[in-house]
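Here the structure comes first, spelled out in structure tokens, and everything after it is commentary.
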Amino acid sequence: MEPEIPPNTGNIARLCAATGATLHLIGRLGFHIDDRSLRRAGVDYWPDVDVRRHTTLADWEAVLGGARIFCFSAHAERPYTEIAYQQGDALLFGGESHGLPESVLQRYADRALVIPMPAGKVRSLNLATAVGIVLYEALRQLHGW
């Protein structure tokens with residue numbers, strides 16, 4: 001939701017191409033979708049990515065129907081590994097500088113998750129890194145990867 005850094009989104013797009021996951025871009029973006037730096041980060045994988053744009057979070061939620069939405073925040077308390085992921089689950093990450101809005105985290109409080117950082121030396125992980133960690137855990141559970 002509202003990503004700001006083109007190379008992060010490009011790396012997430014590459015991850016989606018590698019796994020078959022759909023990339024949903026929600027709200028205003030901090031770049032143009034055809035931005036050269038975004039393409040550079042995604043290399044030649046863009047044609048293989050199912051990218052869908054949504055003007056608002058409500059638009060995205062409507063498209064998902066009844067799918068479970070999991071929100072990720074460095075301020076959540078429940079670790080992402082405590083979830084038994086299911087086919088069709090949606091993983092929602094916020095923009096690099098601001099994360100998800102507090103209103104979204106409150107609405108999905110029972111599904112707000114954190115990637116633990118036990119050393120406590122950083123505020124948060126890089127967005128593309130965080131997406132990769134969680135997506136592969138979900139895929140490991142679903143497909144044994």
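The values are calculated or read from the model by the stated rules, or taken from the named source; none is laboratory data. Note that this is a predicted model, so its numbers are computed, not measured. Cβ coordinates were reconstructed from backbone atoms using ideal geometry, including for glycine residues, and neighbour counts include every protein chain displayed. Just the protein is used for accessible areas: all its heavy atoms, side chains included, with ligands, DNA and RNA removed. Shrake-Rupley method; radii C 1.70, N 1.55, O 1.52, S 1.80 Å.
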Can you tell me how many residues in region 11-30 are farther than 18 Å from Cys71 by Cα and in contact (Cβ under 8 Å) with a residue 60 or more places away in the chain?
4
Taking region 40-88 as the region of interest, how many residues are under 30 Å from Val122 (Cβ atoms), open to solvent by 60 Å² or more (accessible area, probe 1.4 Å) and outside any loop (DSSP other than H, G, I, E, B)?
4
The conditions are (1) under 13 Å from the mean Cα position of the chain (by Cα); (2) open to solvent by 20 Å² or more (accessible area, probe 1.4 Å); (3) at pLDDT 95 or above, and Leu125 fails exactly one of them. Which is it?
(3)
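Could we say that Asp110 is touching a residue at least 24 places away in the same chain (Cβ under 8 Å) and charged (D, E, K, R) here? Write out each step before concluding.
On the way: touching a residue at least 24 places away in the same chain (Cβ under 8 Å): no; charged (D, E, K, R): yes.
For Asp110, the condition - touching a residue at least 24 places away in the same chain (Cβ under 8 Å) and charged (D, E, K, R) - is not met.
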Could you say which residue among Thr19, Thr81, Thr55 is over 15 Å from the mean Cα position of the chain (by Cα), under 16 Å from Leu135 (Cα atoms) and modelled with pLDDT of 95 or more?
Thr81
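Taking region 22-39, which residues are modelled with pLDDT of 80 or more, open to solvent by less than 30 Å² (accessible area, probe 1.4 Å) and out of contact with any strand residue (DSSP E or B) (no Cβ under 7 Å at 6 or more places or on another chain)? Step through it out loud before you land on a result.
Quick first cut of region 22-39, residues modelled with pLDDT of 80 or more only: 22-30.
From what's left, open to solvent by less than 30 Å² (accessible area, probe 1.4 Å): 23, 25-27.
Selection gives Gly27 alone.
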